[in-house]
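None of the figures in this text is laboratory data; all of them are computed from the coordinates on show. Quantities reported herein were computed from a predicted structural model and do not represent experimental measurements. Every residue, glycine among them, receives a Cβ derived from its backbone with ideal geometry; neighbour counts consider all protein chains shown.
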């Protein structure tokens, strides 16, 4: 099963915004693109649902896929088709509507070990490297 998703890499200092879900699994903010939705619309909707915050300064970072065995809601093989963007977290305009998701700011160096998906860890590394090389 192919699952297309859009994900935001957001930094605050040397920390990245991650969503803790399902108890102790970490993901980048974002998720599945709904029918008729653009990647940017998906990001804005998902960030509102997960954090209650707006985002802006959305810039394309890259694309990557990952094959994995999904365990929720049932075990099945999947391909994560990820479109990655950098963004800036805006203001909180509502309460999060996904009550089992928690925004946490994680040190960039710890993201590799915490992120459930390798392609999301790649996106954090890539965005961080680009940020470090900006004049």
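Overview of values
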item	result
Among (i) 14.3; (ii) 14.9; (iii) 15.6, the entry that matches Kirkwood radius over Cα pairs in Å as calculated here	(ii)
Gaussian network model of the chain, Cα within-10 Å springs - most flexible of 77, 96, 29	77
Two-site FRET efficiency, residue 134 against residue 109, from Cβ-Cβ distance with R₀ of 22 Å, rounded to 0.05	0.70
Average Cα contact separation per residue, the chain, under 8 Å, 6 or more apart, as relative contact order %	33 percent
